[in-house]
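A.B. asks: I'd like to ask you about the structure that follows.
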Amino acid sequence: MTIKIKYLHLFLFFFALCFISVKVYGFNKEDFLKLMKTNSCQYCDLTKLDLTSKDLTASDISRANLTDVDFAWTELYFSNIEMGCLEKANLHGANLTGANLAGANLSGANLYGANLTDANLENANLKDANIVAAHLFNANLSRADLSNANMSRAILSGANLSRATLIKTNLNKAIIREANLSGAMLHHADLTGVNLSHSKLLRTDLYYTNVSGSIIHGADMTRADLTYANLSNTDLNGSNLEEAILRCTDFSGSNVTNVNFFNADITQAIFSNTTIFTGSILANGKIYYPGANLNKEILIKEKKK
């Protein structure tokens with residue numbers, strides 16, 4: 001009896017190990033072999049697979065289950081990962097240049113230092129993703145959801161972020177030159193120290209956004225909503241804020257030289273003694289000149305008689 005019990009215990013032990021192994025290594029072995037052989041595996045289950053440093057250039061893994069897959073330093077150059085599930089996947093340092101990630105689920109994914117130049121991320125889910133120091137030159141992030149993502153020091157020059165959602169997104173010290181953020185929502189986002197020069201922010205929603213200490217030369221912010229936004233110590237030289245909503249916006253210590261405020265709503269906006277207005281077109285259409293009195297008659301557009 002004692003020997004039988006011992007064998008039973010051994011059987012149960014090995015059965016448990018096999019069960020745990022299946023749970024930990026959840027990928028389908030046949031799918032993995034297919035990918036390695038053909039460089040293509042649509043709709044495959046590759047969950048938790050280790051693909052570190054593999055060369056998957058131009059692979060087709062669209063609509064595949066890539067949850068928790070390790071793609072660190074993997075070559076995914078021009079790969080098709082459209083509608084793929086990459087939740088919590090590790091893409092640290094991966095090369096995704098020109099990759100198609102349209103509609104992909106990358107929530108909680110690690111994209112630290114990844115190269116996403118010219119990548120298509122339209123309608124992608126990037127909530128809570130780590131995108132620190134990633135390269136997104138000319139990437140398409142139109143209508144993408146980047147809420148709570150950490151994009152500190154990311155390079156987004158030339159990127160399309162039109163109608164993207166960036167609620168509470170961390171963009172501290174990001175470079176976003178000549179990008180398109182028209183219609184994007186950036187409620188409570190952190191844009192401190194960013195460079196938004198020559199970018200388009202038409203009708204962009206920047207409610208309660210912190211943009212202090214940033215460089216925003218020549219940006220088009222027509223009809224943007226900057227209610228309660230913090231633009232203190234920001235350089236807005238030559239930017240267009242025509243018809244923008246600037247209620248309670250803080251411009252303390254900012255450089256608004258040659259900025260166009262025409263028809264802007266600056267109700268209770270904060271302009272300190274250190275705000276530089278040289279050459280600006282004020283809300284009432286008048287051009288500021290040194291020594292002008294910045295009282296309500298000048299700052300607030302004149303009422304029609």
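Since every read-out is calculated from the coordinates, none of them should be taken as a lab result. Worth saying up front: this structure is predicted, and the values here are computed from it rather than measured. Heads up, the Cβs are rebuilt from the backbone with ideal geometry, glycines too, and the neighbour counts pull from every protein chain shown.
A.B. asks: Candidates [x] 5, 21, 25, 19, 15, 11, 4, 0, 0; [y] 6, 25, 28, 23, 14, 4, 0; [z] 7, 26, 23, 16, 12, 8, 4, 2, 1, 0, 0; which is the computed P(r) over Cα pairs in 10 Å bins from 0, in percent?
C.D. replies: So the structure-derived entry is [z].
A.B. asks: Also, quick follow-up: Helix 2-24 versus the longest principal axis of the chain: what angle, 0 to 90°, nearest 10, using Cα atoms?
C.D. replies: 30
A.B. asks: Report the Rg/Rh value for segment 133-197, based on alpha-carbon coordinates and the Kirkwood definition of Rh.
C.D. replies: 0.91
A.B. asks: So what is the 222 nm mean residue ellipticity for the chain from helices alone, if each DSSP H run of at least 4 adds -39500 (n - 2.57) and you divide by all residues, rounding to the nearest 500 deg cm²/dmol?
C.D. replies: Values: 3 runs with 37 residues, N = 305.
Computed ellipticity for the chain at 222 nm equals -4000 deg cm²/dmol.
A.B. asks: Per residue of segment 95-103, what does 6.51 cos²θ - 1.76 cosθ + 1.60 with θ = phi - 60° give for ³J(HN,Hα)? Whole Hz please, x for Gly and Pro, Karplus curve as stated.
C.D. replies: Once rounded to whole Hz, the list reads 9, 10, 4, x, 6, 9, 10, 4, x.
A.B. asks: Another question, then. I'd like the FRET efficiency for TYR43 and PHE78, computed as 1/(1 + (r/R0)^6) with the beta carbon distance as r and R0 of 22 Å, rounded to 0.05. The partial results should precede the final answer.
C.D. replies: On the way: r = 20 Å, r/R0 = 0.91.
With a Förster radius of 22 Å, E is 0.65.
A.B. asks: Given the C-alpha centroids of segment 226-268 and segment 93-149, what is the distance between them in whole angstrom?
C.D. replies: Cα centroid of segment 226-268 versus Cα centroid of segment 93-149: 30 Å apart.
A.B. asks: Mind sorting ILE287, ILE167, ILE176, ILE245 by how few other Cβ atoms lie within 10 Å of their own Cβ, fewest first? List each step's numbers first, then the result.
C.D. replies: On the way: ILE287 12, ILE167 17, ILE176 28, ILE245 20.
Exposure proxy ranking, most exposed first: ILE287, ILE167, ILE245, ILE176.
A.B. asks: Roughly how many debye, to the nearest 20, is the charge dipole of the chain about its Cα centre, given +1 on each Lys and Arg Cβ, -1 on each Asp and Glu Cβ, and no other charges? Can you show the working numbers first?
C.D. replies: Numbers: 27 positive and 27 negative charges, 106 e Å.
It comes to approximately 500 debye.
A.B. asks: Then there is this: For segment 45-50, what does the Karplus curve 6.51 cos²θ - 1.76 cosθ + 1.60, with θ = phi - 60°, yield as ³J(HN,Hα) per residue in whole Hz, taken in order and with x for Gly and Pro?
C.D. replies: Residue by residue, segment 45-50 yields 10, 10, 3, 6, 6, 8 Hz.
A.B. asks: Measure up LYS173/LYS200; LYS88/LYS173; LYS34/LYS54 against 20 Å on the Cα-Cα distance and list the ones that go over.
C.D. replies: On the way: LYS173/LYS200 18 Å; LYS88/LYS173 25 Å; LYS34/LYS54 15 Å.
Violating the 20 Å limit, Cα to Cα: LYS88/LYS173.
A.B. asks: Could you pull out which residues in segment 52-93 have an amide N less than 17 Å from a spot 7 Å beyond the Cα of ASN138, following the Cα-Cβ vector?
C.D. replies: Zone members listed by number: 77-79.
A.B. asks: Top mean-square fluctuation among ASN210, ASN65, ASN39, Gaussian network model of the chain, C-alpha springs under 10 Å?
C.D. replies: ASN39
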